[in-house]
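Q: To start, I am sharing the structure in question, which I have written as structure tokens.
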Amino acid sequence: MAATATKPSNQHSFGNLTLEQIELFGEEMDALRQRVLDDLGQRDVDYIRNIVKTQRNLEIAGRGMLFLSFIPPAWIAGTVTLGVAKILDNMEIGHNVMHGQYDWTNDPALSGKEFEWDTACPADHWRHSHNYRHHTKTNIIGEDRDVGYGILRMSKDQEWNPYYLGNTLYAFLLMTFFEYGVALHDLEMEGLFTGEKSWDDRRAMLDRIWKKVRKQALKDYVLFPALAGPMAPLVFAGNFSANVIRNVWAFMIIFCGHFPEGVEEFTPEQAANETRGQWYYRQILGSANLTGNKLFHIMSGNLSHQIEHHLFPDIPAHRYAEIAVEVREAAARFGIPYNTGPLYRQFGSVVKKIARLSLP
């Protein structure tokens, strides 16, 4: 009789797969990944360069319209356009380039190790907290700091205390100022406040964060308002609003990919000594997708295909829509759940979970 793969205790309703079945699934995923990597070429380069060009044009247009803020429609259009440009820079360009998805092009502008994005978090800190900790420790309680960002209770396996009565308030604040939550993410602030971590040990990291936050603030809240002369207050307000638009959108997409109902968390013991197949298995159980049209997927950085992103973080994200068809078919064949749904439904379930987990 084949050995049964280790599964989370709350996953029995999905049925038991044998180790052999999980390894077969893993081999299929490895083969799919290699097939896509072997096919990378000019269309992938053209895609990302067109996105970069579009993003730059939108930013120029948005900032230009904000200089005409004395015309109310120009302020609205400029704010929204700049917000869209910041979303593209953050998600479809920054996030994906920094994953190394385009390192194979040898283009310095698309180097995952060198790219710096238009947000408060220093890119090198993000590469550690996200590329390493999150993508290797996905949804492992106590090891993946994306589970709650050190602020929220997002799993019933996180021990409750009275602090979490403010779970919904903290979530709203994190959503509004998400770029700063991400910037402070790698500091492990909760450990600093409890004394488990030393402020001295984090001094260099704090200095790096402060330099990046200061640079961003000077650009959006000093330089461009100053260039606008008498329109300075309106440009300041437009830049602030554009950042909030980007923050809220990024929060929604990211939380919908990780925390809707049906997405699972794991203990370190459950993830110990994983085989490649078991790693793939954990990624698919710990992720969720969003349905939508092509523009929606682009604006989400293709993180609307969070399942495929967790399976293949180094594959150019615009390929995920093609890959998703085969991943979903394989998951169905092996009896592995594939969590997907529209934004309103997935985000609604996230909000309900945040509220429910504020209580013991």
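Q: Search the range 54-71 for residues being outside any helix (DSSP H, G or I) and not aliphatic (A, V, I, L, M), and hand back the single one that is surrounded by the fewest Cβ atoms within 10 Å (Cβ to Cβ).
A: Residues of the range 54-71 that are outside any helix (DSSP H, G or I), as a first pass: 67-71.
If we keep only those that are not aliphatic (A, V, I, L, M) as well, we get 67, 69-70.
Working: F67: 17, S69: 22, F70: 11.
Going through the qualifying residues, I end up with F70.
Q: Just checking, which of Q278, Q270, Q283 is among the polar types (S, T, N, Q) and more than 19 Å from D146 (Cα to Cα)?
A: Numbers: Q270 fails: more than 19 Å from D146 (Cα to Cα); Q283 fails: more than 19 Å from D146 (Cα to Cα).
Being among the polar types (S, T, N, Q) and more than 19 Å from D146 (Cα to Cα) holds for just one of Q278, Q270, Q283, which is Q278.
Q: Of all residues being of a type in the set (V, I, T) and without any contact (Cβ under 8 Å) to a residue 60 or more places away in the chain in the range 72-89, which is surrounded by the most Cβ atoms within 10 Å (Cβ to Cβ)? Just the residue, please.
A: Filtering the range 72-89 down to residues of a type in the set (V, I, T) leaves 76, 79-81, 84, 87.
Those still in the list that are without any contact (Cβ under 8 Å) to a residue 60 or more places away in the chain too: 76, 81.
Details: I76: 14, T81: 22.
Only one residue fits best here, namely T81.
Q: Here's something else I'd like to know. Looking at the range 259-282, which of its residues are in contact with a helix residue (DSSP H, G or I) (Cβ under 7 Å, 6 or more places away or on another chain) and either of a type outside the set (D, E) or buried (at least 21 other Cβ atoms within 10 Å of the Cβ) (or both)?
A: Within the range 259-282, F259, P260, F266, A271, T275, R276, G277, Q278, Y280, Y281, R282 meet the criteria.
Q: Among helices (runs of 4 or more DSSP H) lying entirely in the range 139-206, which contain 2 or more residues that are at pLDDT 90 or above and farther than 26 Å from I284 by Cβ? Before the answer, list the steps.
A: Working: elements: 167-176, 178-183, 189-194.
Output list reads 167-176, 178-183.
Q: Here is a further query. Find the residue count for the range 104-122, including only residues that are free of Cβ contacts under 8 Å to residues at least 12 places away in the same chain and either assigned to a helix (DSSP H, G or I) or in contact with a strand residue (DSSP E or B) (Cβ under 6 Å, 6 or more places away or on another chain) (or both).
A: Qualifying residue count, the range 104-122: 1.
Q: Would you point out the residue of the range 323-337, among those that are outside any helix (DSSP H, G or I) and under 25 Å from the mean Cα position of the chain (by Cα), that is surrounded by the most Cβ atoms within 10 Å (Cβ to Cβ)? Break it down stepwise before answering.
A: Going through the range 323-337, the residues outside any helix (DSSP H, G or I) turn out to be 335-337.
Those still in the list that are under 25 Å from the mean Cα position of the chain (by Cα) too: 336-337.
Details: I336: 20, P337: 17.
Checked the range 323-337; the qualifying residue surrounded by the most Cβ atoms within 10 Å (Cβ to Cβ) is I336.
Q: Please verify whether I76 is hydrophobic (A, V, I, L, M, F, W, C), touching a His at 6+ places or on another chain (Cβ under 9 Å) and assigned to a helix (DSSP H, G or I), treating the condition exactly as stated. I'd like the intermediate steps shown before the answer.
A: Values: hydrophobic (A, V, I, L, M, F, W, C): yes; touching a His at 6+ places or on another chain (Cβ under 9 Å): no; assigned to a helix (DSSP H, G or I): yes.
No, not satisfied.
Q: Also, quick follow-up: Report, by residue number, each residue of the range 338-350 that is under 17 Å from the mean Cα position of the chain (by Cα) and assigned to a helix (DSSP H, G or I).
A: L343, Q346, F347, V350
The values are calculated or read from the model by the stated rules, or taken from the named source; none is laboratory data. None of the values given here were measured: they were computed from a predicted structure. Reconstructed Cβ throughout: ideal geometry from the backbone, glycine too, with neighbour counts over all protein chains shown.
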